[in-house]
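**Q** Got a structure here, written out as structure tokens. Questions coming.
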Ligand code: ADP
Ligand code: MG
């Protein structure tokens, strides 16, 4: 689950981390009020969307020459004018995809005097099963480009969970950023507090780009992008309360209500599969035959008929879907349960696109009989290869 920058900064502040003063604003009047409560003379008006690259982003509804999603303002009046221009508009950045994301709230922040911009992120490194720090002196720009062009400028190390954050980790951060004296001390404390916050709130990813040194020689987190481990949200109620559904795909929200592992993709073939491994294989084989999947969906091992029906409805309601492939290997999940779910859902959704069903495993004959006897227009398939070819041919003809 992702949260907004202003929420992330408020959270990090409670862990003793240095962030600028600022207030969220949902209307131009609130933006003006927020700016009035800040010292000035420099204010920053920041679009709050669940994506990065806002500074260089473009508003869909504004001329291409218009300013981006993060703007420096020199007066309270200018803050208000920017807010009027930005709120309700759609911001397209390198991370949003061409559809962009709607800006429903802004963060009005005190402007910093920037001396240096660094990069710092933390993530759960699955290779080492540890939390890793990734640090670079090349902040404020595309870290992907830095990693590609000058990988030696990126320093990375991980924390042994048995010892936790040690003083030498702090020294490693300071060294990587070329900081000495008091700034090195600030870096040590910053790393420690970030590590504590990361563990305590079950973060999956935290990216500070840029981490700055101000002209007053203070470290400050100027941006904060945080994702939390969805599997841990049951024990992070205060984090869960920060969820902003307006930033999420409505299909994914609906799927999460039914406890379905669903991720929307860009292709045209809707997939209903049980088991994440089989779902991945299904996506691969669709690509192999030259089409692209519209979604990843794992209905899980022990899905009920209701869950299958819900899953089918979500896929069928997606206008991008030109055909559906149901691929089930019945183990714990029985083929007849899936078949009943598909038939029940088909009766309520008036499906206009071809449907290929491949069933294998427990109660497969019962499942096939239910589909055959339903009188529905289903293309049966015998194995994964056959199923993929059939749905690809069906959407093309
Ligand atoms: P994004 O990464 O989504 O573009 P950032 O929060 O990193 O958004 O802002 C983009 C740039 O705007 C930063 O790299 C920084 O140069 C500038 N900026 C952001 N916040 C402030 C601030 N409070 N004071 C001064 N400059 C800022
Ligand atoms: Mg940034």
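**Q** Rg/Rh for region 249-396: what does it come to with C-alpha atoms and Rh from Kirkwood? Don't jump to the answer; show the numbers that get you there.
**A** Details: Rg = 13.3 Å, Rh = 14.6 Å.
Using Cα coordinates only, the ratio equals 0.91.
**Q** Let me ask you something else. Determine Rg/Rh for region 114-239; Rg is computed over alpha-carbon atoms and Rh is the Kirkwood hydrodynamic estimate from the same atoms. Write out the running numbers ahead of the final one.
**A** Details: Rg = 14.4 Å, Rh = 15.0 Å.
For region 114-239, the value is 0.96.
**Q** Cut-off is 10 Å between beta-carbons; in what order do 165, 119 appear when sorted fewest neighbours first?
**A** Values: 165 20, 119 24.
Neighbour counts put them in this order, fewest first: 165, 119.
**Q** Helix 5-14 against the longest principal axis of the chain: what's the angle in degrees, Cα atoms only, rounded to the nearest 10?
**A** 60
**Q** If I stretch the segment between residue 365 and residue 379 completely, what's the gain in nm (0.36 nm per residue apart, minus their alpha carbon distance), one decimal? Please list the in-between numbers first.
**A** On the way: separation 14, 0.36 × 14 = 5.04 nm, distance 1.57 nm.
So the extension gain works out to 3.5 nm.
**Q** Using all Cα-Cα distances in the chain, what percent lands in each 20 angstrom bin from 0 up to the longest?
**A** Taking every Cα pair in the chain, the percentages come to 24, 45, 27, 3.
**Q** Pull out the extension gain between residue 245 and residue 15, defined as 0.36 nm times the separation in residues minus the alpha carbon to alpha carbon distance; nm, one decimal. Mind showing how you got there, number by number?
**A** Working: separation 230, 0.36 × 230 = 82.80 nm, distance 2.59 nm.
Length gained between residue 245 and residue 15: 80.2 nm.
**Q** To the nearest 0.05, how large is the calculated FRET efficiency for residue 287 and residue 215 if R₀ is 35 Å and r is the Cβ-Cβ distance?
**A** My answer for the efficiency is 0.10.
**Q** When DSSP beta bridges are limited to those with both residues in the chain, what percentage is antiparallel, rounded to the nearest 5? Mind showing how you got there, number by number?
**A** Numbers: 50 of 67 bridges.
The antiparallel fraction comes to roughly 75 percent.
**Q** Measure nothing fancy, just the Cα-based angle from helix 384-396's long axis to the longest principal axis of the chain, in degrees from 0 to 90, nearest 10.
**A** 80
**Q** Report the Rg/Rh value for region 21-110, based on alpha-carbon coordinates and the Kirkwood definition of Rh. Present the calculation step by step, with values, prior to reporting the outcome.
**A** On the way: Rg = 12.0 Å, Rh = 12.6 Å.
Looking at region 21-110, the ratio lands at 0.95.
**Q** Please report the relative contact order for region 248-360, taking Cα pairs under 8 Å with a sequence separation of at least 6, and give it as a percent rounded to a whole number.
**A** Working: 212 pairs, mean separation 31.8, N = 113.
Over region 248-360, the number comes to 28 percent.
**Q** Ok, one more. For residue 77 and residue 149 in one chain, what is 0.36 nm times their gap in residues minus the Cα-Cα distance, to one decimal in nm? The partial results should precede the final answer.
**A** On the way: separation 72, 0.36 × 72 = 25.92 nm, distance 4.16 nm.
Length difference between fully extended and current span is 21.8 nm.
**Q** Per DSSP H run of at least 4 residues, take -39500 (n - 2.57); add these up for the chain, divide by its residues and hand me the 222 nm value, nearest 500 deg cm²/dmol. Show your work: numbers first, answer last.
**A** Working: 13 runs with 143 residues, N = 397.
Result for the chain, helices only: -11000 deg cm²/dmol.
**Q** A further question on this structure: Of 84, 245, 365, which has the largest mean-square fluctuation in a 10 Å C-alpha GNM of the chain?
**A** Result: 365 has the largest fluctuation of those listed.
**Q** A further question on this structure: Quick one: if you stick a label point 7 Å off each Cα along the C-beta vector at residue 256 and residue 141, how many nm between them?
**A** 3.5
Where a number appears in this text, it was derived from the coordinates with a stated rule and is not lab data. In this text the structure is predicted, and so the values were computed from the model without any measurement. All Cβ positions, glycine included, derive from the backbone under ideal geometry; neighbour counts span all protein chains shown.
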